[in-house]
Structures are given as C-alpha cells and as structure tokens.
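Engineer: Okay, handing you the structure first.
The values are calculated or read from the model by the stated rules, or taken from the named source; none is laboratory data. None of the values given here were measured: they were computed from a predicted structure. When we count neighbours, we look across all protein chains shown, and the Cβ atoms used for this are built from the backbone with ideal geometry, even at glycine.
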C-alpha cells in the first residue's frame, strides 16, 4: 500500500500520470485493487480459521459476505470508470459496501477481544 502511494505520488509530482493519460491510473488502480483484495481475503480467511480453532463465533461468514460485496463493487467501480454517470453510482455503492465490510470487521474484532478477555478471566479464576 505504501509502495502504491509512493509510486502515484512520484508520478504525480513529475507529471507522468497526466501525460500518460488515464490508462496508467487505471493500471495502477487494478494492481492496487488486486493486492488489497489479496491481503483482505487472507485476513478474512484467518478470522475463519481462528473461529474454527477456538470453537467460538466471530461472525466470519458475515465478514466473508461483506468482503465479497466490497470486493465485487470495488472491482466493478474500476471497470465502470469508463462510463462516467454509471461510474459515479457504482463508486458510491462500492463505498457503502466498503464501510459495511469495515463495520463487520470491527464487530469481529470486538468478538475476538471478548473471547480473549473471557479466556484471561477463566485462567485467572483457576
């Protein structure tokens, strides 16, 4: 993520992104989206594995469904960018689903913290 930000910053600074046209931005956006989806998928998978290993509910299914919707509309927003009016609508929907994914992830984090807290308390009580 840092590398992507650095590359786009340098390209903007020296004016390459403007002279290359929107194609360079779309290519960089697709690469960024791919890396971002790979990382977030691994996080969701890790939550699912923790849920199974601990035999506790972390709402991994809900988190995975939110990830799918966020990934789908995020990728769709890159594809639809060529149609401006429709692109704006899809970007707004992608934003809403990204926020939904973050809310689900926050709830999962809170459930995990409760499990950790309960584990610590039960170990202290023994």
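Engineer: Go through segment 36-63 and count every residue that is more than 17 Å from residue 99 (Cβ to Cβ) and in a helix (DSSP H, G or I).
Structural biologist: Residues meeting the conditions: 16.
Engineer: Specify which of the listed residues (71, 75) is at pLDDT 90 or above, surrounded by 14 or more Cβ atoms within 10 Å (Cβ to Cβ), touching a helix residue (DSSP H, G or I) at 6+ places or on another chain (Cβ under 7 Å) and assigned to a helix (DSSP H, G or I).
Structural biologist: 71
Engineer: Right, here's the next one. If a residue has to be outside any helix (DSSP H, G or I) and over 18 Å from residue 22 (Cα atoms) to count, how many in segment 78-116 make the cut?
Structural biologist: Qualifying residue count, segment 78-116: 0.
Engineer: Do we have any residue at all in segment 82-100 that's touching a residue at least 60 places away in the same chain (Cβ under 8 Å), surrounded by 12 or more Cβ atoms within 10 Å (Cβ to Cβ) and more than 17 Å from the chain's Cα centre (by Cα)?
Structural biologist: The answer is no, given that none of the residues of segment 82-100 is touching a residue at least 60 places away in the same chain (Cβ under 8 Å), surrounded by 12 or more Cβ atoms within 10 Å (Cβ to Cβ) and more than 17 Å from the chain's Cα centre (by Cα).
Engineer: Now for a separate question. Looking only at residues that are in contact with a helix residue (DSSP H, G or I) (Cβ under 9 Å, 6 or more places away or on another chain) and surrounded by fewer than 17 Cβ atoms within 10 Å (Cβ to Cβ) in segment 46-61, which one is farthest from residue 113 (Cα to Cα)?
Structural biologist: This residue is 61.
Engineer: OK, next. Scan segment 13-23 and give yes if some residue there is under 14 Å from the mean Cα position of the chain (by Cα), part of a helix (DSSP H, G or I), modelled with pLDDT of 80 or more and farther than 30 Å from residue 119 by Cα, otherwise no.
Structural biologist: no
Engineer: Is one or more of the residues making up segment 104-115 more than 14 Å from the chain's Cα centre (by Cα), surrounded by fewer than 18 Cβ atoms within 10 Å (Cβ to Cβ), farther than 28 Å from residue 26 by Cβ and touching a residue at least 60 places away in the same chain (Cβ under 8 Å)?
Structural biologist: Yes, there is a match, as at least one residue in segment 104-115 is more than 14 Å from the chain's Cα centre (by Cα), surrounded by fewer than 18 Cβ atoms within 10 Å (Cβ to Cβ), farther than 28 Å from residue 26 by Cβ and touching a residue at least 60 places away in the same chain (Cβ under 8 Å).
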